[in-house]
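Enquirer: Just passing along the structure, written as structure tokens.
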Amino acid sequence: MKNKIFVAREVFQEVLDFLAPHCEVQANQEDKVLTAEELAGVLADKEGAMTTLTERIDESLLSRCPRLKAVCNIAVGYNNIDLAACNAHGVLATNTPGVLDDTTADFAWALILATARRLNEAEAYIRARQWDKWKLKQFLGLDVHHAVLGIIGLGRIGQVVARRAMGFEMEVLYHDVRRAAPEIESACRATYVPKEELFRKADIVTIHIPYSRETHHAVGAPEIALMKKSAILIHAARGGVLDDAALVEALRKGAIAGAGLDVFEGEPAIHPGFGELKNVVLSPHIASSSEKTRFRMAMKAAENLVAALASGNPPNLLNPEVKKGA
Ligand code: GLV
């Protein structure tokens, strides 16, 4: 008998076609975000689930889903999955590392350039038919070329962001909990500095660390207070790493020049202060959203699920402690 699986959010038809020969698939192609109760109800008779950051997989859910063997997230971040609870219930958890680094780094650059050059303000101005003459001092922005770029987190995505900076002939500083290997530093032409020095020296700070209890508000009022008044802050990692209220306060006071944000604490709700500020570029968690990359992410999650149910050893296993026979 085929394993039953639930695909929790809308995916590409090709992904469902790939799954169909392997499993009995129930798919939420209407894309409604299920409540915890609804999710527990649907997963009660399922062996596998393909999830996204909108589904919380925790003890309360797992204790109601006795047949569940694998949860495969369509994301590299997995703070929606409680790994300790998965371990306790023998549930394999996977993510999608590697396939979204370039696309996410490209988007961080889109935010860097748009924020530095005030593209959203300029566009709103022209759409409002306010443009009546050319002015020398119109929408004066921050030069990206030859600026100092400070990268918080030189992991897979941070490294790609750093390599892209060579084209802009920037000085790249980074901070991470662990210093990167010398060959990574030299490939990225990035210099390790203490966190305080990075915030003090950078013209552009961009955040690329995962969210966890340890990284909650890793960038908050004390770090923002160190930044130059002319500097900008970019965040395309995960909501909660940045203290959004502290950023709103800093922007209101003019303590920094602007921010480009793709992720938010408590998204899809955002801090109401962002809506009132002109000097923020906002996007709805789309950094990895190119046609090719979102397809590859969903397909990778599907491949993980098929492998998890067939062999107990999926390629992107997050909790090897529950591996079959381990
Ligand atoms: C998106 O946030 C991801 O983690 O892939």
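The values are calculated or read from the model by the stated rules, or taken from the named source; none is laboratory data. Keep in mind the model is a prediction, meaning the values are calculated, not measured. Cβ sites come from the backbone with ideal geometry, for glycine too, and all protein chains shown count toward neighbours. Calculation scope for accessible area: heavy atoms of the full protein, side chains included, ligands and nucleic acids excluded. Shrake-Rupley method; radii C 1.70, N 1.55, O 1.52, S 1.80 Å.
Enquirer: Count the net charge of all other residues whose Cβ sits under 10 Å from the Cβ of residue 47, scoring Lys and Arg as +1 and Asp and Glu as -1.
Expert: +3
Enquirer: Could you sort 248-255, 147-154 so that the peptide with the highest average Cβ count within 10 Å comes first and the rest follow in order?
Expert: Result, highest mean Cβ count within 10 Å first: 147-154, 248-255.
Enquirer: If every alpha-carbon in the chain counts as one equal scatterer, what log10 I(q)/I(0) does Debye give at q = 0.16 1/Å?
Expert: -1.27
Enquirer: With each run of n ≥ 4 DSSP H residues scored as -39500 (n - 2.57), what mean residue ellipticity at 222 nm is computed for the chain after dividing by its residue count and rounding to the nearest 500 deg cm²/dmol?
Expert: So the calculated ellipticity at 222 nm is -10000 deg cm²/dmol.
Enquirer: Now for a separate question. So which residue, out of 15, 280, 161, gets the largest mean-square fluctuation from a GNM of the chain using Cα contacts under 10 Å as springs?
Expert: 15
Enquirer: Now, a different point. Under the rule of at least 5 residues apart or a separate chain, name every residue whose amide H is placed under 5 Å from the amide H of residue 74.
Expert: For residue 74, the qualifying residues are 51, 52.
Enquirer: To continue, here is another question. Pop the C-beta distance of residue 282 and residue 1 into the FRET formula with R0 = 35 Å and round what comes out to the nearest 0.05.
Expert: 0.15
Enquirer: How much length is gained on full extension from residue 122 to residue 192, taking 0.36 nm per residue of separation minus their Cα-Cα distance?
Expert: Net length gain for the segment: 21.7 nm.
Enquirer: Which order do the peptides 79-91, 98-110 come out in when sorted by mean C-beta neighbours inside 10 angstrom, highest first?
Expert: Final packing ranking: 98-110, 79-91.
Enquirer: Here's another thing I want to ask about it. Please list 3J(HN,Hα) in residue order for region 19-32, calculated via the Karplus relation 6.51 cos²θ - 1.76 cosθ + 1.60 where θ = phi - 60°; whole Hz, with x for glycine and proline.
Expert: After applying 6.51 cos²θ - 1.76 cosθ + 1.60, I find 6, 3, x, 9, 9, 8, 9, 10, 10, 8, 6, 7, 6, 6 Hz.
Enquirer: Also, I was wondering about something else. If you roll a 1.4 Å probe over the chain with all protein chains in place, what percent of the accessible area is carbon or sulfur?
Expert: Solvent-exposed carbon and sulfur of the chain make up 54 percent of the total.
Enquirer: Additional query: Using a Gaussian network for the chain with springs between C-alpha atoms less than 10 Å apart, which of these wobbles most: 71, 241, 25?
Expert: Looking only at 71, 241, 25, the largest GNM fluctuation is found for 25.
Enquirer: Turning to a different aspect of this structure: Treating the angle as unsigned and between 0 and 90°, give the value, to the nearest 10°, between the Cα long axis of helix 291-311 and the longest Cα principal axis of the chain.
Expert: Once rounded, one gets 30 degrees.
Enquirer: Taking the alpha carbon gyration tensor of region 243-326, what are the square roots of 5 times its eigenvalues, largest first, to the nearest whole Å?
Expert: In descending order the semi-axes read 40, 16, 9 Å.
Enquirer: With a 1.4 Å probe and all protein chains left in place, how much accessible area per residue does region 89-162 have, in Å²?
Expert: 50
Enquirer: May I pose another question? Rounded to whole Å, give me the distance from the Cα center of region 98-165 to that of region 73-87.
Expert: One Cα centre to the other: 31 Å.
Enquirer: Defining a contact as two alpha carbons under 8 Å apart and six or more residues distant in sequence, what relative contact order in percent does the chain show?
Expert: Reported relative contact order: 19 percent.
Enquirer: Continuing with the same structure: Could you work out how far helix 244-253 tilts from the main Cα principal axis of the chain, as a 0 to 90 degree angle to the nearest 10?
Expert: Helix 244-253 and the main axis of the chain meet at about 10 degrees.
Enquirer: Under 8 Å for C-alpha pairs, at least 6 residues apart: give me the relative contact order for region 101-282, rounded to a whole percent.
Expert: 21
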